[in-house]
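Take a look at the structure below.
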């Protein structure tokens, strides 16, 4: 295992933990697409059918179990425990538009025409577009909670790091899987617009958080209007001026 795959798996793990912690702490699944979570559960189910028949390593088996349990746990929290907070009105993406093409393409383009291989290939294709209901939901609501944005960023970073993993393996092991690579690139492209908005928002938040401090420093030049807007200093001056005017009126 190389550093890129370890970093990718860690990012994926963090994304899921962020999502579960968010729902459990707030007792709400607002802003999360239940349809995307069902698709992810289907992805892991189809991919890890070999859990009991194909042992690779302890790490591999533990990660498989974690992704299966966490995906079904997320579905349970959304559709049962916290279902009253689920925003069905905005989560309306037609998942059959993703499921049916993934099945058809998996039957046509695969490494080997066996049940296990077709299921694995299907999971790769479906995962590449499983986030679309979530992105569609965000486009309808027009905003995302900060914690939801962190979850999506970590999820997108996981797939981007896997591309680096494939590049590394190609040059060190001459390994190349066109199915996984093409699907991974498609998935990363879907996240690209969100990445841009996320980084822009976080950068702006950092800048804005430092402005009040900078505005209070005497060695930093600000116009009076800007300093007033950032620190609220003018309020005291305005009160003093009004008092002074009142005292000088005969």
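What follows draws every value from the coordinates through simple rules; no lab data is involved. Quick caveat, the model's predicted, so the values are computed rather than measured. Positions of Cβ are backbone-derived with ideal geometry, glycine not excepted, and every protein chain shown enters the neighbour counts.
Quick notes on this one:
- Residue order, fewest to most beta carbons within 10 Å, for 94, 159, 169: 94, 169, 159
- Cβ crowding within 10 Å, taken as a proxy for footprinting-reagent exposure, orders 29, 119 from fewest neighbours to most as 119, 29.
- Estimated FRET transfer efficiency (residue 109, residue 76; beta-carbon r; R0 41 Å; 0.05): 0.75
- Neighbour-count ranking [beta-carbon atoms within 10 angstrom, fewest first] of 71, 28, 139: 139, 28, 71
- Spin-label model, residue 186/residue 92: points 7 Å from Cα along the beta carbon direction are separated by 2.6 nm.
- Extending 7 Å from the Cα toward the beta-carbon at both residue 55 and residue 164 defines two label points whose distance is 3.3 nm.
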